[in-house]
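Heads up: the structure comes next, in structure tokens.
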Amino acid sequence: PLVLPFGFFPMTDTAESGFIVPTFGDNTRQGYFLQNGGYYFALSDYYDLAILGDYYTNGSYGLRFQSSYGLRYKFTGNMNLRFENNLQSERGFPDYARSKQYNIQWSHNQDAKANPNSRFSASVNLGSSQYYRQSLNMNNVGASLNNTMQSSVSYSKTFQTVPQVNLSLSATHSQNTNTEKINMTLPTLQASVDRIFPFAPADAPKKGIIKNINLQYNLRGENRVETYDSLFFKPEMFRDARSGLQHTIPLSTNFKVFKYFSVSASTNYQETWVMNTIRREYNADSAAAVIRDVKGFDAFRTYNFASSIGTTIYGTFNFGQDKKIQAIRHVIRPSVSYSYAPSFDQYYDYYQYDAAGTIRQYTRFESGLFGQPGQTYSSQVGIAVNNTFEAKVRNDDTDSADAEPKKVMLLNNLNFSTSYNLAADSLQWAPLRVSAGTNLFKEKMNINFGATLDPYAINNAGNRINTYNMDNGGSLFRMTSANVTLNYSITSEDGKSGDGEDKDSQTAKNGGREDDLFGQATDLSDRRKSMFDEDEDSTKEDKSEGGFFNAKLPWDLRFAYSLTYANDRRERKIVGNSIMVSGNLDITPRWKMGFSSGYDFVLDGVTFTQLRFERDLLSWRMDFNWIPFGDNTSWGFFIGIKSSVLSDIKWDKRRVPDRVIR
């Protein structure tokens, strides 16, 4: 070292290609491994490519292709292709198992200035249902708790005609990782013609029932595929695909009566085209009814009518200018609505159900893409009352006697809604739905409440009967369900709200939460991401370096609570009761601690828990990440240089989750 240089680090102004140094470790089921090694290709100023791989001594391996691209004032995006071939134990042993998992992510965003009349965007996250749960990469820890994966690719265009025409073409994907069921639309076509007022000149005010008459035209076409993970990307997935078109023409108007009441009326005409229907018939050979699929064009037409009347009532309760609460304002928005839909019996047929000659009714449009024509005559009255409460509070934050009072929202909403079916011969009243919400502590705590109240009693079998609950020896209403959710987020900096959201994190891209209530992902191939903000270094005091301090302890806290009560059949049971907490704390100016945890009171167990520690060593940094228990039990230690140029000067040690392949 006295003769030769310790190291040579070229400094350039442009991106350079180079090797990505892997990290070494060991795992109980996969053995020793090299992880996150590969090569970075600086292909141009507009796009790049990183190829990363993992290798385990038992034969498991993983490959990842990551690319980012962008063109200023046009678009930006990134693509991530990931594949893992995981082997458990050794071939011939009873616990030997093999799992091939893959995941595809693509994000594309068009600059709003690129083209004001057309837009293309993509947000894709699809692959094996068990990818996040079987993956050994710590980037996927937070996403391993997800139950769904969703994707959307869309193109839309606006034609600046009169009236304006909008057109969009999209493909969507929704995947349940528990049931491994996949729903896709390949593609969805939507077109609409802007609202037309046929009885009102374009430059004249639209007043009265006639001039406010307007109509639109909407078109929706779909090719929908329902399949499972095992059939994805195979010819069988298109076997039961369904396609169709639906034309909708809504006609509506609105006007005022008696000066204070707003009235709206509308009718809706729909024509549905389908490319396949069914035929039910009796098969004498099997002595049972069978369903035959009929290919070919068919259509049905429906219509309905709806109207509503509502008003707004304001009430103010004054308590005096010398009081802390000077006044409370109550706003009530009652409304009554009516809806009508006839029975479309012409689309229903009869068939023989069994050998005894039982006759049943069916429609050939069963399980249609846009539903089936209704056979039930409906005539229903809806009642809703929405309330808000706001207080005028004396402003004590200033000494000025002329200071304006502050407005404080007491209840954002207190809503009641129910309906009465005029066409039903029993159980005419629908359950009463009550919901309320408010913000407390300077809008840092959000509370929402909901309950369902049924006026009818139930029998011994738990079914609703046409007897009011109070006539059956009970109260006026029978609570069948209730739920409460509470979210609280705060920091030590002037009591500001600490949302802790990171839309660009890998967990968010995987479809997980943007905050850290489910923990933070750990990128083992790039440990430069810090818990410290970039501008924190300039605010730290050198005299406090390395020691504890008492003057200031910056922190942030996020808290979420959910409680669900079920009593539909008098079970009186708490079906959901859980709490989640996450936060970050500055122990010293250069020490940070973070945590994510929770508790499920119904299952009586601790939920996903993660502990995070970081030490700022000026040009270096050190961190320790620990998941102490559960399916994701792991820990990782890292120390290295902050600079991206010298990021390969590091040392890390970890224990990755011990995945069991099922």
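A few remarks follow.
- Applying the set (1) at pLDDT below 90; (2) within 30 Å of Ser89 (Cα to Cα); (3) polar (S, T, N, Q) to Thr609 leaves exactly one unmet item: (1).
- Among the residues listed as Ile309, Ile313, Ile328, the single one being in contact with a Ser or Thr (Cβ under 9 Å, 6 or more places away or on another chain) and either farther than 28 Å from Ser378 by Cβ or of a type in the set (Phe, Trp, Tyr) (or both): Ile328
- Flag for Thr564 being under 30 Å from Ala457 (Cα atoms) and β-branched (Val, Ile, Thr): yes
- Unmet criterion (only one of (1) over 30 Å from Arg292 (Cβ atoms); (2) surrounded by fewer than 16 Cβ atoms within 10 Å (Cβ to Cβ); (3) more than 36 Å from the chain's Cα centre (by Cα)) for Arg333: (3)
- Output for segment 23-76, where each listed residue is polar (S, T, N, Q) and within 30 Å of Arg91 (Cβ to Cβ): Thr23, Asn27, Thr28, Gln30, Gln35, Asn36, Thr57, Asn58, Ser60
- Selection from segment 407-459 of residues that are within 23 Å of the chain's Cα centre (by Cα) and of a type in the set (Gly, Ala, Ser): Ser435, Ala436, Gly437, Gly450, Ala451
- Scan of segment 64-79 for residues that are of a type in the set (Ser, Thr, Tyr) and more than 29 Å from Pro22 (Cα to Cα), ordered by number: Tyr73
- Scope segment 80-114; condition under 27 Å from the mean Cα position of the chain (by Cα) and over 16 Å from Tyr131 (Cβ atoms); matching residues: Ser107, His108, Asn109, Gln110, Asp111, Ala112
- Candidate set from segment 400-415 (those that are surrounded by 11 or more Cβ atoms within 10 Å (Cβ to Cβ) and not in a strand (DSSP E or B)); member that is modelled with the lowest pLDDT: Ala403
- Looking across segment 568-614, just one residue is buried (at least 18 other Cβ atoms within 10 Å of the Cβ), among the charged types (D, E, K, R) and assigned to a loop (DSSP other than H, G, I, E, B), and that is Arg590.
- Single unsatisfied condition, Ile627 versus (1) surrounded by 20 or more Cβ atoms within 10 Å (Cβ to Cβ); (2) of a type in the set (Val, Ile, Thr); (3) free of Cβ contacts under 8 Å to residues at least 40 places away in the same chain: (3)
- Scan of segment 231-273 for residues that are of a type in the set (Phe, Trp, Tyr) and assigned to a strand (DSSP E or B), ordered by number: Phe255, Phe261, Tyr269, Trp273
- Scope segment 622-650; condition of a type in the set (D, E, K, R) and out of contact with any Phe, Trp or Tyr (no Cβ under 8 Å at 6 or more places or on another chain); matching residues: Asp631, Asp648
- Applying the set (1) hydrophobic (A, V, I, L, M, F, W, C); (2) more than 30 Å from Arg394 (Cα to Cα); (3) buried (at least 16 other Cβ atoms within 10 Å of the Cβ) to Ala327 leaves exactly one unmet item: (2).
- If you go through segment 410-446 and keep only what is among the hydrophobic types (A, V, I, L, M, F, W, C) and touching a residue at least 40 places away in the same chain (Cβ under 8 Å), you end up with Leu410, Leu422, Ala423, Leu432, Phe441, Met445.
- Flag for Gly25 being assigned to a strand (DSSP E or B), modelled with pLDDT under 90 and more than 35 Å from the chain's Cα centre (by Cα): yes
- Of all the residues in segment 343-353, those that are loosely packed, with under 15 Cβ neighbours inside 10 Å and under 30 Å from Thr418 (Cα atoms) number 2.
- Failed item, numbered, when Thr316 is tested on (1) in contact with a Lys or Arg (Cβ under 9 Å, 6 or more places away or on another chain); (2) hydroxyl-bearing (Ser, Thr, Tyr); (3) more than 30 Å from Ala436 (Cβ to Cβ): (3)
- Scanning segment 418-448 for residues that are part of a strand (DSSP E or B) and of a type in the set (D, E, K, R) yields a single hit, Arg433.
- The set of residues from segment 290-316 being over 20 Å from Phe370 (Cα atoms) and surrounded by 13 or more Cβ atoms within 10 Å (Cβ to Cβ) comprises Ala306, Ser307, Ser308, Ile309, Gly310, Thr311, Thr312.
- Conditions (1) over 30 Å from Leu87 (Cα atoms); (2) assigned to a strand (DSSP E or B); (3) among the hydrophobic types (A, V, I, L, M, F, W, C); number of the one not met by Trp626: (1)
- Segment 205-228, subset crowded, with 17+ Cβ neighbours inside 10 Å and in contact with an Asp or Glu (Cβ under 9 Å, 6 or more places away or on another chain), residue farthest from Glu180 (Cα to Cα): Val225
- Residues that are on the phi < 0 side of the Ramachandran plot, small (Gly, Ala, Ser) and free of Cβ contacts under 8 Å to residues at least 12 places away in the same chain within segment 463-485 comprise just one, Ser475.
- Members of segment 446-503 found to be modelled with pLDDT under 90 and among the charged types (D, E, K, R), listed by number: Glu493, Asp494, Lys496, Asp499, Glu501, Asp502, Lys503
- Residue match in segment 266-281 (condition: aromatic (Phe, Trp, Tyr) and touching a helix residue (DSSP H, G or I) at 6+ places or on another chain (Cβ under 7 Å)): no
- For segment 354-371, a residue qualifies if it is in contact (Cβ under 8 Å) with a residue 40 or more places away in the chain and buried (at least 16 other Cβ atoms within 10 Å of the Cβ), and the qualifying residues are Tyr362, Arg364, Phe365, Gly368, Leu369, Phe370.
The values are calculated or read from the model by the stated rules, or taken from the named source; none is laboratory data. Just so it is clear, the model here is predicted, and its values are computed rather than measured. Please note: Cβ atoms are built from the backbone with ideal geometry, for glycine as well, and neighbour counts cover all protein chains shown.
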